[in-house]
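The values are calculated or read from the model by the stated rules, or taken from the named source; none is laboratory data. Bear in mind that the values here come from a model prediction, so they are computed numbers and not experimental data. Glycine also receives a Cβ, built like all others from the backbone with ideal geometry; neighbour counts cover every protein chain displayed.
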Amino acid sequence: MGGLWPSLYFQFVAHAARNEEFRQELATRHQAMRERMGVVFTRWKQDSGAGAPAVPAQEVAAMMFFMADGFLLDRIIEPDLSDELFTTMVGVFVRGLEALSEEQAGG
């Protein structure tokens with residue numbers, strides 16, 4: 001997750017905060033990426049044979065993006081943060097989603 005991308009990405013976000021037309025374009029692109037990730041999560045859930053999702057796939061995608069943004073921001077401030085920390089965070093999140101699904105299924 002390192003490199004120049006986090007700094008460049010947050011420059012886009014800062015510019016979007018000052019420019020409404022750019023903000024709308026960036027929001028449209030974010031929404032499109034989350035929609036594509038939602039499709040991926042839906043397929044993954046179907047392929048895994050798991051029960052009904054506890055949280056809609058589009059919301060899961062949004063939460064994943066929010067976690068990634070926060071991690072990337074902190075990596076700008078603390079470049080030595082390990083990618084493993086992000087991997088662990090995602091694993092905890094996914095296990096939490098699985099537990100919610102099991103609770104909803106009555107198991």
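Some notes on this structure:
- Scanning the stretch 1-39 for residues that are among the aliphatic types (A, V, I, L, M) and under 22 Å from L72 (Cα atoms) yields M1, L4, L8, V13, A14, A16, A17, L26, A27, A32, M33, M37.
- Pairs with Cβ under 9 Å, 6+ apart, first in the stretch 73-91 and within 14 Å of S7 (Cβ to Cβ) and modelled with pLDDT under 95, second hydrophobic (A, V, I, L, M, F, W, C) and surrounded by 11 or more Cβ atoms within 10 Å (Cβ to Cβ): L73/F10; D74/L81; R75/M1; R75/L81; R75/F86; I76/F10
- Check on L72, in a helix (DSSP H, G or I), out of contact with any Leu (no Cβ under 7 Å at 6 or more places or on another chain) and buried (at least 16 other Cβ atoms within 10 Å of the Cβ): yes
- Taken together, the residues in the stretch 3-24 that are among the small types (G, A, S), surrounded by 11 or more Cβ atoms within 10 Å (Cβ to Cβ) and at pLDDT below 95 amount to 1.
- Selection from the stretch 1-27 of residues that are in contact (Cβ under 8 Å) with a residue 24 or more places away in the chain and of a type in the set (A, V, I, L, M): M1
- When residues in the stretch 14-63 are screened for being on the phi > 0 side of the Ramachandran plot and in contact with a helix residue (DSSP H, G or I) (Cβ under 7 Å, 6 or more places away or on another chain), 0 of them pass.
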